[in-house]
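S.K.: For reference, the structure I am asking about is given below.
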Amino acid sequence: MTFLLLKVFWSFSALTSLLLGVAGLIFPIIPGIPFLILALISIEKLSPRFKQWLLQTRPMLWLQNKQPKLAGWLIK
């Protein structure tokens, strides 16, 4: 039961954050980047396979080399 509730929570959080992030990229009033980061974190919590894929992408590898503190915060 709790697993299902967590899955629903992270799914709702990911979808809402993604929509707000896209809206933030279109409309200058809403900050888009923090919402997109929150969407990535939510999807990462939802799917361990996505987390493994994300860690292997070029931007994440660059971030780990150039900004290790920020990358460590995002990987948590």
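S.K.: Cβ neighbours within 10 Å, averaged per peptide: list 38-44, 16-22 in order, most packed at the top. Each step should come with its number before you reach the end.
M.R.: Details: 38-44: 19.1, 16-22: 16.7.
Per-residue Cβ counts within 10 Å, averaged per peptide and sorted highest first, yield 38-44, 16-22.
S.K.: On full extension of the chain, what length is gained from Phe9 through Val22, given 0.36 nm per residue of separation minus the C-alpha to C-alpha distance?
M.R.: Values: separation 13, 0.36 × 13 = 4.68 nm, distance 1.99 nm.
Once the chain is fully extended between Phe9 and Val22, it gains 2.7 nm.
S.K.: Compare the Cα positions of Ile30, Ser47, Leu61 along the charge dipole of segment 2-75 (+1 at Cβ of Lys, Arg; -1 at Cβ of Asp, Glu; about the Cα centre) and return the one farthest towards the positive end.
M.R.: Checked the options; the winner is Leu61.
S.K.: With only Lys, Arg, Asp and Glu charged, each at its Cβ (+1 for the first two, -1 for the last two), find how big the charge dipole of the chain is about the Cα centre; round to the nearest 20 debye.
M.R.: It works out to roughly 260 debye.
S.K.: Rounded, prolate or oblate: pick one for segment 2-75, where a ≥ b ≥ c are the square roots of the eigenvalues of its C-alpha gyration tensor, a/c under 1.5 means rounded, and failing that, prolate if a/b is larger than b/c, else oblate.
M.R.: Oblate is the answer for segment 2-75, as a/c is 1.5 or above yet b/c matches or exceeds a/b.
S.K.: Using only alpha carbon pairs under 8 Å that are at least six residues apart, calculate the relative contact order of the chain and give it in whole percent.
M.R.: Details: 59 pairs, mean separation 17.1, N = 76.
RCO, the chain: 22 percent.
Rule-based calculations on the coordinates, nothing more; no lab input. Keep in mind that what you see is a predicted model, and the values were worked out from it rather than measured. All Cβ positions, even for glycine, are placed from backbone atoms using ideal geometry, and neighbour counts span all protein chains on display.
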